[in-house]
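Input: a single structure, listed below in structure tokens.
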Amino acid sequence: MTTTYLLALDQGTSSSRSIVFDRGGHVVAIAQKELTQIYPQPGWVEHDPLEIWDRQLATAREVIAKAKLRPEDIHAIGITNQRETTVLWHRETGKPVHHAIVWQDRRAEPLCARLREEGLADTIREKTGLVIDAYFSGTKLRWLLDNVPGAREQAERGELAFGTVDSWLMWQLTGGRKHVTDVSNASRTMLFNVHRNEWDAELLAALRIPAALMPAVQPSASHFVDTDAALLGRSLPVGGVAGDQQSALFGQACFEAGMAKNTYGTGCFLLMHTGEAFQPSSNGLLVTSAAQTSTQPQYAMEGSVFVGGAVVQWLRDGLKAIKGSAEVQSLAESVPDAGGVMMVPAFTGLGAPYWNADARGTITGLTRGTTVAHIARAALESIAYQSAALLQAMSRDAVAAGGKPVAELRVDGGASVNDLLMQFQADLLGIPVVRPEVVETTALGAAYLAGLSSGVYGDVGQLSKQWKVERRFMPTMGRAQAEESMARWERAVRQATQA
């Protein structure tokens, strides 16, 4: 059988990447270009949508050349993307009306406060699985309609299109012929009914968003569009689309209820598959649509750590404690423990399960004997503490719903290569932490979805067999010690959240 290649477009917050995978899920070649981060004022984060498109297309062309392939060798394309980032553009010209508002952006918080005051929180949670927060796309879109001159009038005349980054890329890939998204991205807008898999008229009305703006929604593994032939040498089908975290869950072969993965990137994103059960959380977590291979809804429980690997960047750029991120493990390993130091990196508040926007970063437990190595170790450990608090909350929800606690945690993302961090994570959780051979799981998930819809793979069982362990970290810390460590963490969180 001739080798079949799949092209994944991985459009992230800090860069646009393209990766070619072979049929076995192995990386053949990678191309990457950084994205300009735009900060108009404190708490605001923007991207240039045209730069996103230009750099994504450039990496797609570059990676095919690096892999020494012809366009005919690419069977299908998968797309994965930063999820809640919001783009609004003119249908006639394809030009954006404003910069994209990035998922990290907090400008819509005053609108969120009004929505809470209006008593919409329960309705939104029941229909979308989400809490009211400026994180999600719906309030960003409302801000654009209210603040860009003429945007609301143009939207009501049907002249504008809204999309998350996947929709924007597919619009450009087809020269404006298709306006489409998948269920996983739609579920992050605060406007999508995840029970019926459709835009919710009541929520659109509540946020004053014209329905004509919205893209068509398809299962994550389906034939979305065919690209214009001139772009990549021939017309290629886009057969898989999923938001980055749902794509990583799929790439980790977490297809069954109770399976969980944590992605250690700038932030950390922990998702547990809950199957066909919409399982509301009593512990501050979100319910979201998992990547779907059919029209049958599939769900996942999700929690986000706002500052994960970013704490290492802060050690480098803020404290000047290290020259490069790679130094942090050796510096942390130069001391046997954190010496009683606890760091809560609440630089932009705390996410799940705390949801405290007013929390601020703290370092506690300092003594005359504290060194920069202790602070580096506490910074690394803070990533594991925050993730452990999330997983414990998830397990409580699972047990309350009649399920079982998570039995193992599959990990990926840049910081998952740090052995000290992964071992400490296993120690805190008391379960195995498993790192796969292929840690490019976000892009792999998109490739797998495209491969399923285009016939490269027969079913998800075939994908489960391809998933291979690189290293399994087993807990070595006693449970009493782990519980005391978590209690110390919770004390430190309380200090960070006191007014």
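The values are calculated or read from the model by the stated rules, or taken from the named source; none is laboratory data. The shown structure was predicted, so the numbers you read here are calculated from the model rather than taken from an experiment. Reconstructed Cβ throughout: ideal geometry from the backbone, glycine too, with neighbour counts over all protein chains shown. The protein model used for the area step is the full one, side chains on, heavy atoms only, and it has no ligands, DNA or RNA in it. Shrake-Rupley method; radii C 1.70, N 1.55, O 1.52, S 1.80 Å.
Observations
- Close pairs from the stretch 23-42: first in contact (Cβ under 8 Å) with a residue 40 or more places away in the chain, partner in a loop (DSSP other than H, G, I, E, B) and of a type in the set (F, W, Y), Cβ under 9 Å, at least 6 apart: R23/Y457; G25/W467; I38/W44
- Qualifying residues in the stretch 13-22 (those that are β-branched (V, I, T) and touching a residue at least 60 places away in the same chain (Cβ under 8 Å)) - the one surrounded by the most Cβ atoms within 10 Å (Cβ to Cβ): I19
- Residues of the stretch 273-298 that are over 25 Å from Q104 (Cβ atoms) and part of a strand (DSSP E or B): H273, T274, G275.
- Pick from the stretch 339-354, criterion more than 27 Å from the chain's Cα centre (by Cα) and under 14 Å from A492 (Cα atoms), ranking: surrounded by the fewest Cβ atoms within 10 Å (Cβ to Cβ): G340
- Apart from one condition, W44 fits all of (1) among the hydrophobic types (A, V, I, L, M, F, W, C); (2) modelled with pLDDT under 95; (3) open to solvent by less than 40 Å² (accessible area, probe 1.4 Å); the exception is (3).
- Yes/no for W143 being open to solvent by 40 Å² or more (accessible area, probe 1.4 Å) and not polar (S, T, N, Q): yes
Results for (1) assigned to a loop (DSSP other than H, G, I, E, B); (2) touching a residue at least 60 places away in the same chain (Cβ under 8 Å); (3) among the small types (G, A, S); (4) over 20 Å from S416 (Cα atoms), shown as yes or no for each residue.
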| position | (1), (2), (3), (4) |
| --- | --- |
| A300 | no, no, yes, yes |
| G303 | no, yes, yes, no |
| V311 | no, yes, no, no |
| L315 | no, yes, no, no |
| V328 | no, yes, no, no |
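- The condition (being over 18 Å from the mean Cα position of the chain (by Cα), farther than 25 Å from D122 by Cβ and of a type outside the set (F, W, Y)) is satisfied by just one residue among T263, T293: T293.
- In this entry, G402 is excluded by the filter for residues that are in contact with a Ser or Thr (Cβ under 6 Å, 6 or more places away or on another chain) and on the phi > 0 side of the Ramachandran plot.
- Considering only residues in the stretch 428-468 that are under 27 Å from Q56 (Cβ atoms) and among the charged types (D, E, K, R), the one that is most open to solvent (accessible area, probe 1.4 Å) turns out to be E437.
- Strands (runs of 3 or more DSSP E) completely within the stretch 2-108 that count 2 or more residues being within 20 Å of G251 (Cα to Cα): 5-11, 15-22, 27-34, 74-81
- Among the residues of the stretch 116-133, those that are open to solvent by 20 Å² or more (accessible area, probe 1.4 Å) and not hydrophobic (A, V, I, L, M, F, W, C) comprise R116, E117, E118, G119, D122, T123, R125, E126, K127.
- Residue tally, condition open to solvent by 10 Å² or more (accessible area, probe 1.4 Å) and either in contact (Cβ under 8 Å) with a residue 24 or more places away in the chain or in a strand (DSSP E or B) (or both), over the stretch 251-272: 8
- Of all residues in the stretch 469-488, those being over 27 Å from the mean Cα position of the chain (by Cα), surrounded by 12 or more Cβ atoms within 10 Å (Cβ to Cβ), of a type outside the set (D, E, K, R) and farther than 10 Å from L428 by Cα number 0.
- Strands (runs of 3 or more DSSP E) lying entirely in the stretch 338-433 (those with 3 or more residues that are modelled with pLDDT under 95): 342-344, 362-364
- From the list A113, A76, the one residue that fits, being open to solvent by less than 10 Å² (accessible area, probe 1.4 Å) and either small (G, A, S) or modelled with pLDDT under 95 (or both), is A76.
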